[in-house]
Ligand code: ADP
Ligand code: MG
């Protein structure tokens, strides 16, 4: 599948009287690793939640490959999201957590076609195919040995790998990550930065990665969006952003003289 192109047009979001997104414009290129970098409270998570379909904008539009996605259900968007808090099911094993999206799509397929679902002799083979896919994803994330453990028996890094596995197993068109490494210790964070970039390259999924950490954005991104007070202030490669900040507030945030 071709990686997605995303156009965000004049996107706005208000919570009561608070304006969180203030007419944000952004183009996300197919297959790129885009980092949304900005201080806490600037609206990064709000933007990702709107892209994923967990929240609706107050105005503006989001267009993926030429089609608006607003009004479509999250499950129909073909978008996967990974959160800082992992959000794994505690009573399920790593294997079951990773398999969930495939199990769900299998269920909805069977519900739509009850006769086929009940009669198809392929029932077992679908299950075997799901198992093989889980093993494949687990191997690429190096958590094969942990597949039968529950989240409480996993380290922070392993939990995040499970969450990433669950996100990529359906080969989403757009992969969203909201500060996925921020609860890990420094050494693991550095290691996983490299691994995540490598994984993204291999899958070539259009990826939006939220962080407030400049080093993270600098080392991971193809392009960085500096976000402040609900707007995309500057977009460019890490070198362009750091060598040539276009706004005083960008320069101040980056800690470099304007
Ligand atoms: P970031 O992820 O960049 O730290 P957020 O998108 O989480 O920022 O939040 C941006 C602003 O929107 C904050 O001031 C936050 O308090 C506010 N906000 C976020 N979600 C809600 C909500 N559901 N209700 C009211 N205010 C919210
Ligand atoms: Mg946030």
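Bear in mind these aren't lab numbers, they're just calculated from the coordinates by the rules spelled out. None of the values given here were measured: they were computed from a predicted structure. Please note: Cβ atoms are built from the backbone with ideal geometry, for glycine as well, and neighbour counts cover all protein chains shown.
Modelled spin labels at residue 70 and residue 85, positioned 7 Å past Cα toward Cβ, are 2.7 nm from each other.
Counting only DSSP beta bridges whose two residues both lie in the chain, roughly 55 percent are antiparallel. Subtracting the Cα-Cα distance of residue 92 and residue 59 from 0.36 nm times their residue separation leaves 8.0 nm of extension gain. Computing FRET efficiency as 1/(1 + (r/R0)^6) for residue 150 and residue 15, where r is the C-beta to C-beta distance and R0 is 30 Å, gives about 0.25. Among 220, 104, the ranking by other beta carbons within 10 Å of each residue's beta carbon, starting with the fewest, stands as 104, 220. Using only Cα atoms, find the angle between the long axis of helix 94-112 and the longest principal axis of the chain, and express it within 0 to 90 degrees, rounded to the nearest 10. Orientation of helix 94-112: about 70 degrees from the principal axis. Could you tell me the center-to-center distance, by alpha carbons, between segment 170-233 and segment 36-75 in angstrom? Cα centroid of segment 170-233 versus Cα centroid of segment 36-75: 17 Å apart.
Using the Cβ-Cβ distance between residue 248 and residue 213 with R0 = 25 Å, the FRET efficiency computed as 1/(1 + (r/R0)^6) comes to roughly 0.70. Computed from Cα atoms, the angle from the helix 186-203 axis to the main principal axis of the chain rounds to 70 degrees. Averaging over all projection directions, the Cα-based convex hull of segment 145-258 occupies 8.4 nm² in the image plane. Each of 161, 67 was scored by other Cβ atoms within 10 Å of its Cβ. Listed from fewest to most, they are 67, 161. With a Förster radius of 25 Å applied to the C-beta separation of residue 187 and residue 104, the computed FRET efficiency comes to 0.10.
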